[in-house]
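Right, one structure below, let's go through it.
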Amino acid sequence: MRWLIDGYNVIRRDPELRSREAESLEAGRRALLHLLVRAHRAPRDEFTVVFDGARVSGGAPSAGRIRVIFSRPPLTADDELMRLARQWRSGGIVVSSDRRIQDAARRAGSPALTAEQFLEALEFHADPPTGGKDLNTTDAEPVRDKRGNPRRLSKKARRARRALGRLRQP
């Protein structure tokens with residue numbers, strides 16, 4: 001499974017990552033990448049994290065299949081995310097709470113998850129809750145397609161749910 005992640009968008013949605021970013025941008029990026037290394041489940045999973053700007057120093061963790069891309073001016077990370085979503089089509093899952101990026105991903109045929117859904121799945125993976133929490137539910141349910149069976153999620157929504165389930169595997 002290929003994951004396309006809006007780096008700063010995810011960092012700024014998590015209090016711990018945001019506090020690391022307050023130290024420095026590089027510290028925030030490193031914290032996110034280390035979180036992904038810990039969450040990396042299957043050998044075929046590939047994470048691509050896109051950031052604005054250029055790398056000044058440091059290196060990305062080499063464990064797993066995690067790739068970091070920095071946008072080059074005049075393009076922004078949003079432009080790069082939308083370009084990659086169009087390029088990958090349904091071959092990847094886009095993670096961003098930015099509605100413009102989510103809409104572009106869906107138009108390209110890729111399922112889109114919010115940063116909050118992604119972080120919740122990573123947190124669940126790192127610290128499984130006790131009690132009978134249903135793995136197939138999230139606070140923000142995917143939008144249902146208007147055609148077909150009203151009780152069944154669309155293919156894209158089911159694919160996004162399966163992807164979250166992969167992150168949640170103990």
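We did not get these values from a lab; they are worked out from the coordinates using the rules stated. Since the structure is predicted, the reported quantities are computational estimates derived from the model, not experimental observations. Neighbour counts run over all protein chains shown; Cβ positions are idealised from the backbone, glycine included.
The phi torsions of segment 20-31, fed into the Karplus equation with coefficients 6.51, -1.76 and 1.60 and a -60° offset, translate into couplings of 5, 5, 5, 5, 5, 4, 5, 5, x, 5, 4, 4 Hz, rounded to whole numbers, with Gly and Pro shown as x.
For segment 73-127, the residue among Ala112, Gly91, Thr76 whose Cα projects farthest onto the positive side of the dipole built from Cβ charges is Gly91. Computed 3J(HN,Hα) for segment 69-79, one whole-Hz value per residue from the Karplus formula 6.51 cos²θ - 1.76 cosθ + 1.60 where θ = phi - 60°, is 10, 10, 6, 10, x, x, 6, 9, 4, 4, 4, glycine and proline marked x.
The phi torsions of segment 83-91, fed into the Karplus equation with coefficients 6.51, -1.76 and 1.60 and a -60° offset, translate into couplings of 5, 5, 4, 5, 5, 7, 6, 8, x Hz, rounded to whole numbers, with Gly and Pro shown as x.
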